[in-house]
Amino acid sequence: MAWENLQGNSLPRHIGIIMDGNGRWAKKRGLPRSAGHKQGAKAFREISAYCQEIGIAYLTVYAFSTENWSRPQSEVDAIMDLLRDYLAELEKHSGQEEGVLRFIGDKTQLAPDLQEKIRQVEQRTAGRSGITVNIALNYGGRSEIVAAMRKAAALAAAGELLPEAIDEALVDTLLYTGGQPPVDLIIRPSGEQRLSNFLLWQGAYAELVFMDVLWPDFTSRTLDEAIREYQRRSRRFGGI
Ligand code: IPE
Ligand code: IPE
Ligand code: MG
């Protein structure tokens with residue numbers, strides 16, 4: 001299999017993917033945008049299974065940003081319904097196939113039924129071995145940092161944290177991804193070349209790979225290509 005070629009080199013421990021281009025994929029086919037999101041959800045299933053198979057430890061996918069609420073309500077509803085379908089499907093699985101599933105972002109703004117299903121799936125999959133998949137939903141890097149600052153301020157106000165004890169390691173633990181390694185590789189399909197508020201802190205030294213493919217067309221072969229590109233990069237972290 002092609003992925004065996006990837007194994008000799010160091011694999012990224014943590015991959016982030018901005019799942020972009022669903023709307024354009026649908027438009028090209030004369031379909032409603034929701035059809036693009038549906039196909040995008042399929043691509044996500046394939047890619048998360050593939051990451052598990054090749055031994056990626058952490059995968060974070062950007063599913064819905066704090067800014068995506070500005071879309072038409074019908075589109076927001078369609079995306080949330082796809083998420084409902086995914087959560088319902090997961091309930092039927094009894095095995096370990098998805099690894100640990102976590103949702104990162106401000107969950108309090110989601111519909112109550114979704115919050116409950118998310119809580120259940122996080123509880124059910126916690127402690128599994130294998131991959132950890134973070135689904136970034138109502139996620140924004142800036143709001144994540146604000147939430148971390150609030151937590152620190154609350155601890156300080158309660159007399160449990162001294163300002164001089166705030167360091168990078170502490171901030172890290174206060175983020176939604178607390179306890180997880182930084183992201184090594186951020187992939188953005190669809191041709192756009194920006195972060196759009198994704199993993200601002202965790203991606204400080206991420207290698208960025210921008211690809212022209214639209215997310216619904218993204219396959220395991222496309223991921224291989226992105227990983228190979230990552231393996232060609234020289235990561236210096238400020239050194240020489
Ligand atoms: C990404 O695809 C999915 C979400 C942002 C929810 P888009 O819906 O942004 O697709 P384009 O960028 O319009 O093609
Ligand atoms: C980023 O894509 C968010 C997700 C993929 C969930 P957008 O389509 O929302 O980003 P912009 O608007 O092109 O920056
Ligand atoms: Mg987009």
- Task: Putting +1 on Lys and Arg Cβ atoms and -1 on Asp and Glu Cβ atoms, find which of Thr66, Gly30, Ile18 reaches farthest to the positive end of the dipole of the range 1-72.
- Result: Gly30
- Item | Residue among Ala78, Asn134, Ile186 farthest towards the positive dipole end of the chain, charges placed on Cβ | Ala78
- Note on the structure: Residues meeting the amide H criterion for Gln96 (H placed from the backbone, H to H distance under 5 Å, 5 or more places apart or on another chain) are none
- Let a ≥ b ≥ c be the square roots of the eigenvalues of the Cα gyration tensor of the range 111-240; is it rounded (a/c under 1.5), or, if not, prolate (a/b larger than b/c) or oblate? oblate
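Name the GluC sites (Glu not before Pro) in the range 145-226 that are in a loop by DSSP and that have at most 16 other C-beta atoms within 10 Å, would you?
Numbers: sites: Glu160, Glu164, Glu168, Glu192, Glu207, Glu225; in loops: Glu160, Glu192.
Sites meeting the loop and neighbour criteria: Glu160, Glu192.
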- Query: ³J(HN,Hα) across the range 101-106 via Karplus (A = 6.51, B = -1.76, C = 1.60, θ = phi - 60°), whole Hz, x for Gly/Pro?
  - Reply: 10, 9, 10, 10, x, 8
- Task: Calculate, for Asp167 and Ser234, the FRET efficiency according to 1/(1 + (r/R0)^6) with r their C-beta to C-beta distance and R0 41 Å; round to the nearest 0.05.
- Result: 0.90
- Message: What whole-number distance in Å separates the alpha-carbon centres of the range 137-216 and the range 8-35?
- Response: 21 Å
- Item | Reach of Lys27 by Cα under 24 Å, taken over lysines that are not fewer than 8 positions away in the same chain | Lys38, Lys42
- Near Lys117, which lysines are there with a Cα under 18 Å away, not counting those fewer than 8 places off in the same chain? Lys92, Lys107
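Per residue Cα convex hull volume for the range 99-183, in cubic angstrom? If you can, show how the numbers build up before the last one.
Working: hull volume 9.9 nm³, N = 85.
Taking the convex hull of the Cα positions in the range 99-183, it is 117 Å³ per residue.
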- Given +1 on the Cβ of Lys and Arg, -1 on the Cβ of Asp and Glu, and no further charges, what dipole in debye does the range 35-193 carry about its Cα centre, rounded to the nearest 20? 280 debye
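Nearest 20 debye, what's the magnitude of the dipole of the range 154-225 about its Cα centre given +1 on Lys and Arg Cβ and -1 on Asp and Glu Cβ?
Working: 3 positive and 12 negative charges, 46 e Å.
So the dipole magnitude of the range 154-225 works out to roughly 220 debye.
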- Residues whose built amide H sits under 5 Å from the amide H of Gly21, excluding neighbours closer than 5 in sequence, are Trp215
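Any read-out appearing in this document is the output of simple, stated calculations on the displayed coordinates, not a laboratory observation. The model shown is predicted, which means the values in this text are computed figures rather than measured ones. Using ideal geometry, Cβ is built from the backbone for each residue, glycine included, and neighbour counts are taken over all protein chains shown.
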